[in-house]
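I have placed the structure first, in the form of structure tokens, so that the comments after it can refer back to it.
Every number here is computed from the coordinates shown, using simple stated rules; none is lab data. Keep in mind the model is a prediction, meaning the values are calculated, not measured. Cβ coordinates were reconstructed from backbone atoms using ideal geometry, including for glycine residues, and neighbour counts include every protein chain displayed.
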């Protein structure tokens, strides 16, 4: 298994040399959404707290580093951490309110959605950051400002982000933090009786998750160069974030990556197939059907199912 | 009311009401170190509520609880566990998707933050309760008797000074019960104090140093097993008034 | 529309994320009826309700039934999947542009003292009230209605006394969907609609139902009134685009302090 991963990594590293720009772009999105999905995985997959509002963290991270770069000339390499911290601050608030007031399941989902929507509406109405027209970054191609001429630079950054997030999740899973999160997902009350401070650990998961997602926001901003509140805070983005770990395997290290490799190509293919009318929504039908299929037949996601096929018990 | 030094657990006048029901009324008792205290009473007498109050899952409307000299009313369950008071649940709550070993390891992590150490401790506890062969089985696939032992093992892994066992023998056949009785006696001999809710009278009588009897949320009798067993108020509580004066069979 | 959602939740404890998107289909059906068959939506809403009842029934039997006992997260994800399919199905079939239905009542207005009132809105309001009342009567007076309420209270108990619980669930879901279909049709002359609107309608429905109380019919009704009034006031005092902010803030407050809503019962 180890050398399979190493081989895959080696392939991914040399791939840009042989791919055309379009294919490179596809991979960038695969890596980027895998990164976001992995960040979500910490609180949604491992701790089992379904958040449908993670787009809020992307948005805050994106707008923060964008505004700091354009208005204050702060390099996004630093701005991404500021964005991450601000996202983590919101994550702390949402987590605190949700967990302190004991919101579970559906109610917690609704809380996260409510906060994301509030962010979206507020940003839409704040002309200082462009309001409904959006916020734009002029392209300079200057690496100091996190901008690159070559698509391939973004490829490697996205890959690095994905690997970093995966490394963090793997590290968490190996430690007590991860074991506690998994147990919290199974049965919170039983955890409390065993000395686990469930509130603290859920908060930690939320903070780490929202911080990483916020950092991802910077990548989003400086790859797309335009920020639209409806796109960057909207529920469709939250869906994109959530669906990859769910389909690939929530609460597993490789789940979000597998999910992204399944879903991004699927999205591209349906975009091509149905792309005539000009609407890019058709791929979401496939998402919907896939989601239904996963819930009904593979509730733990694709990765655990694959592992069962190979006849091995998860080694924890 | 100040805490008496040396008493492991002191419960003073705790009460709990749910809507129209007074589940526990002005309950007071205490336990010494190394004791096994049996808590019995008919269904609905307030025993599990008392456990919930002691372990921090419920907060009493009135009264005090001192564990090992420190007041614990209002303290969160996980903190109470860390102080050394562990509990099991009447309806067992294993982590269904985790293996037996992983289940117990969660308990062990409370005292051994490093995963490797916790694993070792978990193994030891699993062997102690006799679940060794099933260590890598998913908890969901265990028999009831095994799940009861898992519940016990998990709580044990937190290295408690006082262990609250809630009907840990319910639903088991006589052989399984006997195994648990021996196990519990062994635990007590090793220094763990035990507060036991149980309906199985024989087990309670053999294990307990003292017994507290509850009915309708109140303590009605307290004393040594032999004295309690034939106490008229206990008979009345379980069987009804007519049996109090019935001739012995 | 909120009434339908609360019914589904109250009976089956399943949260229907696809609610808003079902409503959008209701709207489109009404539109089709109006443009192809010349049927006025104020009459045609019955057909829309029937069609959506069928859809709801099918969805419930095929999909929801299987996961009634599954953890909440799975139910949410399932309905999210259905929502995605419905929303983008509408996109494929009808295109992304907003539509509106022409109704002869649209243009008429009447005076209510100092205020001009749109006849169309008045009729919509009246019909919605009538439907809600009808539903209330159904639940309290008819056998099937009482069976549904029994199943909601205690599914196991209902099973024991011989109720075909699965059928009850399917009917409940169907009625919930029918409500929304009717709602869609009734609203189609008033509001422009497009496939992308499904999600905000879902969220609005949830807002109302949570505030009014999950599982409570009067709660849904009053919740609807409350939210509409609050939003309208928000539009007046803050700014039109911020009115959603009011309902979301209200939602957050209610979630934190009284998740059972104003009239709801807590879930077990």
### Message
Output the 0 to 90 degree angle, nearest 10, between the alpha-carbon long axis of helix B:174-189 and the longest principal axis computed from the alpha carbons of chain B.
### Response
80 degrees
### Task
Mind jotting down the distance between the C-alpha centroids of the stretch B:167-212 and the stretch A:41-109, whole Å?
50 Å
#### Entry: Relative packing of peptides A:44-55, A:9-20 - highest average C-beta neighbours within 10 Å first
A:44-55, A:9-20
### Task
Would you mind giving the mean number of other chain beta-carbons within 10 Å of the Cβ of each residue in B:100-113, as a whole number?
4
### Query
If we count other beta carbons within 10 Å of each Cβ, what is the order of A:203, C:74, fewest first?
C:74, A:203
### Task
Arrange B:201, A:80 by Cβ neighbour counts within 10 Å, fewest through most, would you?
B:201, A:80
### Task
Shielding by partners for A:113-120, please: the mean number of other protein chain Cβ atoms within 10 Å of each residue's Cβ.
5
#### Entry: Using alpha-carbon coordinates, inclination of helix B:115-129 to the longest axis of chain B, degrees
50 degrees
### Query
For B:17, B:25, A:244, what ranking results if the residue with the fewest other Cβ atoms within 10 Å of its Cβ goes first?
B:17, B:25, A:244
